[in-house]
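Novice: Mind having a look at this structure? Questions to follow.
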Amino acid sequence: MTFEKISVGLKNSAASIVSLEDTALKVGSGSLEVLASPKMFALIEKAAVDLLEKNLPQEFTSVGTLMNVEHIAPTPVGMKFFAEVKIISVEGRKIIFEVVASDEVEKIGRGTHERFIVGREKFLSKANGKV
């Protein structure tokens, strides 16, 4: 199956505000009250998921398979942060995004993210078959 609406150049963004729940100390990925890398990665994934979901038939979704992103600057509690994604490659069901994360002052992350388009029911059936 081809996914005509998914093409190189499509973009999306997402934004959030760093709360105490989003900090490295709270998440367990560090010892400071600054934006945790996993929370930055999650916002990047949200931007990518939202872009694909609005361009896929109902019976399909996407799953993240690779996150290759540097977290290059800290963001304090209370500051807004953003994730911007752009499709740079479509290889069948594999979609690769260029990603940039920033806060209100500077770029805080950059890299690539990869997702695969999957059939919802088939994927859930495979996962649930493990139980």
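Novice: Among the numbered conditions (1) in contact with a helix residue (DSSP H, G or I) (Cβ under 8 Å, 6 or more places away or on another chain); (2) in contact (Cβ under 8 Å) with a residue 40 or more places away in the chain; (3) within 30 Å of residue 125 (Cα to Cα); (4) outside any strand (DSSP E or B), tell me where residue 49 comes up short.
Specialist: (1)
Novice: Can you name every residue in the range 28-46 that is touching a residue at least 24 places away in the same chain (Cβ under 8 Å) and either closer than 26 Å to residue 124 by Cβ or part of a loop (DSSP other than H, G, I, E, B) (or both)?
Specialist: 32, 33, 41, 43, 44, 45, 46, listed by residue number.
Novice: Does residue 35 qualify as being under 12 Å from residue 115 (Cβ atoms) and either open to solvent by less than 30 Å² (accessible area, probe 1.4 Å) or of a type in the set (Lys, Arg) (or both)?
Specialist: The answer is no for residue 35.
Novice: Where residues in the range 111-121 are of a type outside the set (D, E, K, R) and within 26 Å of residue 2 (Cα to Cα), which of them is most open to solvent (accessible area, probe 1.4 Å)?
Specialist: 116
Novice: Specify the residue that is modelled with the lowest pLDDT; the eligible residues are those in the range 59-110 that are more than 17 Å from residue 14 (Cα to Cα), surrounded by fewer than 13 Cβ atoms within 10 Å (Cβ to Cβ) and of a type in the set (Gly, Ala, Ser).
Specialist: The selected residue is 92.
Novice: Separate question: Being in contact (Cβ under 8 Å) with a residue 60 or more places away in the chain and not charged (D, E, K, R) is the requirement here; does residue 101 meet it?
Specialist: Judged against the criteria, residue 101 is a match.
Novice: Please tell me if residue 4 is among the acidic types (Asp, Glu) and touching a helix residue (DSSP H, G or I) at 6+ places or on another chain (Cβ under 9 Å).
Specialist: So residue 4 fails the test.
Novice: While we're here: Return the total of residues in the range 60-107 being among the charged types (D, E, K, R) and out of contact with any strand residue (DSSP E or B) (no Cβ under 6 Å at 6 or more places or on another chain).
Specialist: Looking only at that region, the number is 3.
Novice: Is one or more of the residues making up the range 15-27 without any contact (Cβ under 8 Å) to a residue 40 or more places away in the chain, open to solvent by less than 50 Å² (accessible area, probe 1.4 Å) and touching a Gly at 6+ places or on another chain (Cβ under 6 Å)?
Specialist: yes
The values are calculated or read from the model by the stated rules, or taken from the named source; none is laboratory data. Because the structure is predicted, anything quoted here is derived from the model rather than measured. Ideal geometry is used to build each Cβ from the backbone, glycine not excepted, and the neighbour counts take in all protein chains shown. Please note that ligands, DNA and RNA were not included when accessible areas were found on the heavy atoms of the full protein model with its side chains. Shrake-Rupley method; radii C 1.70, N 1.55, O 1.52, S 1.80 Å.
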